[in-house]
Amino acid sequence: VQLQASGGGSVQAGGSLTLSCVASGRTFSNYVGGWFRQAPGKEREFVAAINWSRDSTYYADSVKGRFTMSRDNVKSTVYLQMNSLKPEDTAVYYCAAKLTWSAIIDGKNYEYWGQGTQVTVSS
């Protein structure tokens, strides 16, 4: 699976952005989709994940209630709608994919990764 993330940019605190991640190469509907982020000088952290059928999502506490992950299996795309953005959300955001809905918060368990898209939130 090849993943291509896009949609990053610069916004002011309180603003919104929607990230997209398009998959190619294999049947993406068979995979769990995940979003991770890495801020300068910090470790990569889990943001959100969604299962194949879209009936299960899981969010990091830091984004719960502000971010929404969705997917369109026809378009082989996952999305991350980010609202009420805060300066601490500033990071490079990566999409990732794995086959099973287990250990989804650990990036080491994801087989495929996109290239990352920068999100910058100013105060």
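The values are calculated or read from the model by the stated rules, or taken from the named source; none is laboratory data. Keep in mind that what you see is a predicted model, and the values were worked out from it rather than measured. Using ideal geometry, Cβ is built from the backbone for each residue, glycine included, and neighbour counts are taken over all protein chains shown. These area figures cover heavy atoms from the full protein model, side chains too; ligands, DNA and RNA do not enter into them. Shrake-Rupley method; radii C 1.70, N 1.55, O 1.52, S 1.80 Å.
Listing for the model above:
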| item | result |
| --- | --- |
| Number of the condition not met by K86 [criteria: (1) open to solvent by less than 60 Å² (accessible area, probe 1.4 Å); (2) at pLDDT 95 or above] | (1) |
| Residue that is under 20 Å from V92 (Cα atoms) and in contact with a Ser or Thr (Cβ under 9 Å, 6 or more places away or on another chain), where the choices are S29, S62, S16 | S16 |
| Exclusive hit being under 17 Å from A60 (Cβ atoms) and among the polar types (S, T, N, Q), set T90, T117 | T90 |
| Where a residue in the range 1-16 is under 14 Å from L85 (Cα atoms) and its partner, wherever it lies, is outside any loop (DSSP other than H, G, I, E, B) and among the basic types (K, R), with Cβ under 9 Å and at least six apart | none |
| Failed item, numbered, when A97 is tested on (1) open to solvent by 60 Å² or more (accessible area, probe 1.4 Å); (2) assigned to a strand (DSSP E or B) | (1) |
| Residue within the range 91-99 that is within 19 Å of V11 (Cβ to Cβ) and out of contact with any Gly (no Cβ under 8 Å at 6 or more places or on another chain) present | yes |
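Quick grid of which residues meet (1) buried (at least 22 other Cβ atoms within 10 Å of the Cβ); (2) in a loop (DSSP other than H, G, I, E, B):
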{"site": "K75", "(1), (2)": "no, yes"}
{"site": "V78", "(1), (2)": "yes, no"}
{"site": "Q81", "(1), (2)": "no, no"}
{"site": "W101", "(1), (2)": "no, yes"}
{"site": "Q115", "(1), (2)": "no, yes"}
